[in-house]
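Here the structure comes first, spelled out in structure tokens, and everything after it is commentary.
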Amino acid sequence: MAFWNRNKNRGREPTADKPNTSEQYKMVTIWGEHYYSWNGKLYDSDIIRACIRPKVKSIGKLVAKHIQENEKGLKVNPKTSIKMLLSNPNPYMTGQMFQEKLGNQLCLSNNAFALIVRDENGYAEQMYPIPATMVEAIYGDTGELFLRFTYKNGKAGTFRYSDIIHLRQDYEGNDIFGENPAPALAQLMECVGYIDQGIVKAIKNSGIIRWLLKFTSSMRPEDVKTNVEQFVKNYLAIETDTFGAAGVDAKVDAKQIEAKDYVPNASQTDRITDRIYSFFNTNKHIVQSDWNEDQWTAYYEAEIEPVAIQLGKELTTKLFSPRERGCGNYITYESSNLQCASMNTKLAFQSMVDRGAMTPNEWRAILNLAPIEGGDKPIRRLDTQVVDMLESMLNKMNSENYREMTGLMGQLLKAAYIEMHGGEKKVET
């Protein structure tokens, strides 16, 4: 693609006339083809898709922000270009879709890749997820790391690792890539395939022959067929005058055939499903959106928050130069998991707003309400402000102004009492 070709020649790529070292990683797309009931594509399994959907959707809901924090203070989204890049990484998807795409890749392959497209000055202007079937790590003659991607259409592209957003989990044996989930999931998925196949065969076998009519005398084929049809009409039809009772003469020996189909019992199926849930660190409550606050908080901290931290660190490293990072620039992903809290929990945060720990707009965001003008400034109740003001007055009090200071302190205490109790009370000064 054109936007990738622009970036692939930036920097010094490995050359064919000099030996390079490389490592290969095959993305999880087509392993397990030997078993036809399960074609090896994890995303085609309803169990797998149900397991990863809550995580993917939650990753998509993360809010990306550019923070600039230094001795001058803290600024949120100071650069419009970075803010637009995070909200619309490319012309074809929003930030939410971009994050969900990376989340799907990460869940299915334990690796997720996106290309950073830079302008002539080296600043990031677009980001694209990379749909690769295989990734190869190549070290050039200078020791710089490149990644060579083989796409689904058979074409390939090589890019500097510094231009790649790389997320990984189960990061253990390989220096670059997360561990392939295939060995751990293959047997479980085959068990699921066998169970599904057994159920399908049992349903198909429900239409086999249930009665065998043995005629004691020789008959022409057309007469056999006629007698069988008559037997079915009289005794096996839904509406019949015989009420299910069958009577035959000595010419026919009627024998019922009982089909004994093996269908895995529910406990075996549930155990296999629970093992798959455990592999993806989820459970039935999360999958079916039947969780409570504590269950979701535990799931969020185990699965969503680590991805949010990793994505923020990766973007910080790849979007900003060392000098920019030294000046306090970084990317962070904020969670909106408090939106999943109960109404009582949300209303309890009112005390955080009164004490200036949260701004009114931050609280309104938890309640799924639009921001209001002036809501980005923290506010404090008068009774909580009085403490700081009294402390400041005590520090400024001396032998010359103590009368004025004590008078002002009395007025502050009186105003605070009126604010808290709605009535006046004489305050001794």
Hits in region 308-336 - residues which are β-branched (Val, Ile, Thr) and touching a Ser or Thr at 6+ places or on another chain (Cβ under 6 Å): ILE331
Residue satisfying all of: in region 285-336; part of a loop (DSSP other than H, G, I, E, B) and not hydroxyl-bearing (Ser, Thr, Tyr); surrounded by the most Cβ atoms within 10 Å (Cβ to Cβ) among these: PHE320
Region 61-71: number of residues that are in contact with a Lys or Arg (Cβ under 9 Å, 6 or more places away or on another chain) and in a helix (DSSP H, G or I): 0
Single unsatisfied condition, ASP274 versus (1) open to solvent by 40 Å² or more (accessible area, probe 1.4 Å); (2) at pLDDT below 70: (2)
Total residues in region 153-170, condition touching a residue at least 40 places away in the same chain (Cβ under 8 Å) and assigned to a loop (DSSP other than H, G, I, E, B): 2
Every residue from region 159-173 that is of a type in the set (S, T, N, Q) and surrounded by fewer than 15 Cβ atoms within 10 Å (Cβ to Cβ): SER162
Selection count where residues are open to solvent by less than 40 Å² (accessible area, probe 1.4 Å), at pLDDT 70 or above and touching a Pro at 6+ places or on another chain (Cβ under 9 Å), scope region 174-229: 1
Single residue of region 63-90 satisfying the filter (free of Cβ contacts under 8 Å to residues at least 12 places away in the same chain and of a type outside the set (Lys, Arg)) that is nearest to GLY326 (Cα to Cα): GLU71
Lone unmet requirement of (1) under 30 Å from LEU185 (Cβ atoms); (2) surrounded by fewer than 21 Cβ atoms within 10 Å (Cβ to Cβ) for MET127: (2)
Single residue of region 269-284 satisfying the filter (in a helix (DSSP H, G or I) and free of Cβ contacts under 8 Å to residues at least 24 places away in the same chain) that is nearest to LYS57 (Cα to Cα): LYS284
Residue in region 126-146 that is modelled with the lowest pLDDT, counting only those that are of a type in the set (Ser, Thr, Tyr) and part of a strand (DSSP E or B): THR133
Output for region 54-84, where each listed residue is under 28 Å from ALA302 (Cα atoms), crowded, with 18+ Cβ neighbours inside 10 Å and of a type in the set (A, V, I, L, M, F, W, C): VAL56, ILE59, LEU62, ALA64
Residue check for LYS101: among the basic types (Lys, Arg), within 20 Å of ASP163 (Cα to Cα), crowded, with 18+ Cβ neighbours inside 10 Å and at pLDDT 90 or above: yes
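The values are calculated or read from the model by the stated rules, or taken from the named source; none is laboratory data. Treat the numbers as computed from the prediction; the structure is a model and nothing was measured. Positions of Cβ are backbone-derived with ideal geometry, glycine not excepted, and every protein chain shown enters the neighbour counts. We work out accessible area using only protein heavy atoms, side chains counted, and drop any ligands, DNA or RNA first. Shrake-Rupley method; radii C 1.70, N 1.55, O 1.52, S 1.80 Å.
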